[in-house]
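The values are calculated or read from the model by the stated rules, or taken from the named source; none is laboratory data. The structure presented is a predicted model; accordingly, all values stated were derived computationally and were not measured. We place every Cβ from the backbone using ideal geometry, glycine too, and count neighbours over all the protein chains shown. To get the accessible areas, we keep the full protein, side chains included, count just its heavy atoms, and leave off ligands, DNA and RNA. Shrake-Rupley method; radii C 1.70, N 1.55, O 1.52, S 1.80 Å.
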Amino acid sequence: MAVIAYIGLGANLGEREAQIRAGLAALGRVPGVRVLDVSSLRETAPVGGPPQPPYLNGVARLETALSAPALLGVCQQLERDAGRVAGGPRNGPRPLDLDLLLYGDERIDTADLIVPHPRLHERPFVLEPLRELGVEPAALPRPARPLVVADPEEFAALNTGWLHGRCRTGLVPTMGALHEGHASLLRIARQTCDRVAATIFVNPLQFGPKEDFARYPRTLERDLALLAREGADAVFVPETSAMYPGGFVSRIAVGREAEGMEGAARPDHFSGVATVVAKLFALARPTHAFFGRKDAQQVAVLRRMTRDLGFPIGLVECPTVREADGLALSSRNVYLSPEDRRAAPVLYRALRAAHAAHAAGERRAEALLAVARGHLAQEPRARLEYLELRREGDLAPLAPGPVTFARLLVVARFAADGPHPVRLLDNLSLGAPLDA
Ligand code: AMP
């Protein structure tokens, strides 16, 4: 069955018009393709990419019996025939550009193809020729990014579609109140994956009865702006009742990785984290999932859960993003009073001092801990909760003997005697470069 398709035309190297006309003629000779109409060609300034000559742009209307992927393949072959080299710079100069803009009224969202073309609405050099051919762009579906999805089944279906489109899909679970630490996770995810979904869910299972579940900052509008800026494809924002409907009882048990440190301070915390992440994995079935090293013990727990349950998902541990004064970004930093905020970088200073001592050759665990403790003791606003050296990776207790490679983890409370103490976490690898 024939479908009407629209192809964006462009060139900014060589004999631009001749190449476009030759490309169209070749397209018209492909069995199953008929060129019905071509807009006027107009000269336009390049958008993005390296400095380059101006473009000639237009749009062609086709009738085609080819599938959308087949038509895309034909366009890419014609681009290569015109001398376009694969692997050039993004938005770089080219002798011929043939973009599949519209294919009937189909919506396509696969690894190779998004239709309607995702940047169509931002490009006057596409919109104007489309209008010339009688297409009113305002009437076209606008591929909203990120797609905001609240229904778990809809989120699962979206991810299934991406998987069937052979996309590598990245999941970035968060509790919202997004900051530059979350943004860096999204950026790393976008480098690895074709589609990236964030989740925003303040998970009641991971909060203790006396903790800050009700007070946890909720900033959805700002979060959506950050996700749009970082190019997230979707964000899952379920209600608690949708994640845990009445009668929900299943829990992921946690073990050795959850012992001590956060696991001791917050008894059911890691079981709650592992349960929600397992549920998100089951819904989204991502190929990759991205977590911050700032919550190092959480990463160790989630690696264990992923391995034990056999989720075929690559966990990616992302470096900690810090303020200029070294304080690790955290959604809870907004709770700090101005005085506590000024005092808070002592955590990183203490870790750095131990790192420096280790780099200078100190290998005795007690001596390394004493260096960090000395710094923390100088700041009366910080009440030390724990400071521990653990084995790198699984964070098991360190074997006795010289410390060659280990992770130093610290938690301190600020406003410890007030009604709302703020716990801040940080950690650093000894024996590795500073940002690891
Ligand atoms: P949260 O919203 O606090 O549950 O955090 C969501 C994810 O972002 C977790 O994987 C955190 O480890 C990660 N994250 C939080 N703060 C930072 C940071 N400063 N740098 C990098 N990742 C972070």
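Table for the structure above
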read-out	value
Residues of segment 147-318: accessible area per residue with a 1.4 Å probe, Å²	43 Å²
Choice from Ala177, Ala399, Ala65 with maximal GNM fluctuation in the chain (Cα, 10 Å cutoff)	Ala399
Highest-MSF residue in the chain out of Ala189, Ala197, Ala300 [GNM, Cα springs under 10 Å]	Ala300
Interchain or long-range residues, amide H under 5 Å from Gly314's placed H	His288, Ala289
Karplus-derived 3J(HN,Hα), 6.51/-1.76/1.60, for each residue of segment 401-415, Hz, glycine and proline x	x, x, 8, 8, 8, 7, 10, 9, 10, 9, 9, 10, 9, 10, 6
Helix-only [θ]222 nm of the chain, DSSP H runs n ≥ 4, -39500 (n - 2.57) each, per residue, nearest 500	-10000 deg cm²/dmol
Contour excess over end-to-end distance, with Cα ends at Arg222 and Ser67 and 0.36 nm allotted per residue	51.8 nm
Among Arg61, Arg304, Arg195, residue whose mean-square fluctuation peaks in a GNM of the chain (springs only between Cα atoms under 10 Å)	Arg61
Given charges at Cβ of Lys, Arg, Asp, Glu: the chain dipole, positive-most of Ala138, Leu336, Ala282	Leu336
FRET efficiency, Glu239 to Ala416 (Cβ-Cβ, R0 30 Å, nearest 0.05)	0.30
Probe 1.4 Å, accessible area per residue of segment 3-139, Å²	48 Å²
Peptides 114-123, 278-287 ordered by average Cβ neighbours within 10 Å, highest first	278-287, 114-123
Accessible surface of the chain, 1.4 Å probe, proportion on carbon and sulfur as whole %	54 percent
Cα-based radius of gyration of the chain once divided by 2.2 N^0.38 Å, which approximates compact folds	1.21
Span-rule helices in the chain, defined as complete DSSP H runs reaching 15 Å or more along the axis (Cα) with Kyte mean at least 0.5	269-284, 365-377
R0 of 51 Å, Cβ-Cβ distance Met1-Ala282: FRET efficiency to nearest 0.05	0.85
Part-to-part distance (alpha-carbon centres) for segment 117-162 and segment 241-273, which is given in Å	39 Å
Given charges at beta-carbon only (K, R positive; D, E negative), |dipole| of segment 3-139 in Debye	280 debye
